[in-house]
1. Run the simple label-point estimate for Gln22 and Thr103 please: 7 Å along Cα→C-beta, distance reported in nm.
2. Hand me the trypsin sites (Lys or Arg not before Pro) from the range 43-91 located in a DSSP loop with no more than 13 other Cβ atoms within 10 Å, in residue order please.
3. If you take every residue apart from Ala108 with its C-beta less than 9 Å away from the C-beta of Ala108, what net charge results, scoring Lys and Arg +1 and Asp and Glu -1?
4. Scan around Gly13 for amide H atoms under 5 Å from its own, H built in the peptide plane at 1.01 Å from N, and keep only partners 5 or more places away or cross-chain.
5. Using the Karplus curve 6.51 cos²θ - 1.76 cosθ + 1.60 with θ = phi - 60°, what ³J(HN,Hα) values do you get for each residue of the range 117-127, in whole Hz, with x for Gly and Pro?
6. Around Cys70, with a cut-off of 12 angstrom between Cβ atoms, what is the net charge of the other residues, counting Lys and Arg +1 and Asp and Glu -1?
7. Could you go through the range 111-116 in sequence order and give the Karplus-derived ³J(HN,Hα) for each residue, using 6.51 cos²θ - 1.76 cosθ + 1.60 with θ = phi - 60°, rounded to whole Hz, and x for Gly and Pro?
8. How large is ³J(HN,Hα) for each residue in the range 99-110, as worked out from phi by the Karplus curve 6.51 cos²θ - 1.76 cosθ + 1.60 (θ = phi - 60°), to whole Hz, x for Gly and Pro?
Amino acid sequence: MKVIYRSRPAFFGYLVDFGDHQRELAGTDVVEPPRLLLEEYRKWQDDYLGWEYIALLDDARLVQLRMEWCEVNKMLAGLRPDWIPHRREGVQPVHRVTITKTTDRYEAFSSNGAHLRLRERHYWWLRCPCGLHEVVESSKAARRRKGEHDTPLGEVE
């Protein structure tokens, strides 16, 4: 999902990727806006990595996460402010790499100019909250690099 801001024509909305097709939704058509940081935080909570995830966030992203959490849990934020995501001192961060595949499609003529071919070039983007940003050109290399960089669950360095 991607937030879209366009000035010409004026548009605020979301680009939702359904895998086989993409669809643009106007911001006024969306009842519950996407909360990307909160969704990522919930994935980390499923692996019991919430504190380590928060340790990797910079101050601006931590404020954004707290705001998103308070929007979703209004009553709970008033009753239990200690449950609002916050940093804990002395927590060592873990490394969890996310892999995203992108495809570049372009048209290319054959060497003699007789055929127009549609070429597809695939890239795998690796991203870790610790600052790792890499691009590899094969899924095997992406999985290998993820295995090298990730901290195994249950073992915090």
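Coordinate-derived values only; no laboratory data. Since the model is a prediction, treat every value here as computed from it, not as a measurement. A quick note on method: Cβ atoms are made from the backbone with ideal geometry, for glycine too, and the neighbour counts reach across all protein chains shown.
1. Calculated label separation equals 1.3 nm.
2. Passing sites in the range 43-91 are Arg87, Arg88.
3. Once all neighbours under 9 Å are counted, the net charge is +1.
4. Distant-sequence amide H within range of Gly13: Ile4, Gly27.
5. 10, 9, 9, 10, 10, 9, 9, 10, 9, 10, 9
6. Residues close to Cys70 contribute a combined charge of +2.
7. In residue order, the calculated couplings are 4, 9, x, 7, 10, 9 Hz.
8. With the stated coefficients, the range 99-110 comes to 10, 10, 9, 10, 10, 9, 10, 8, 9, 9, 7, 5 Hz.
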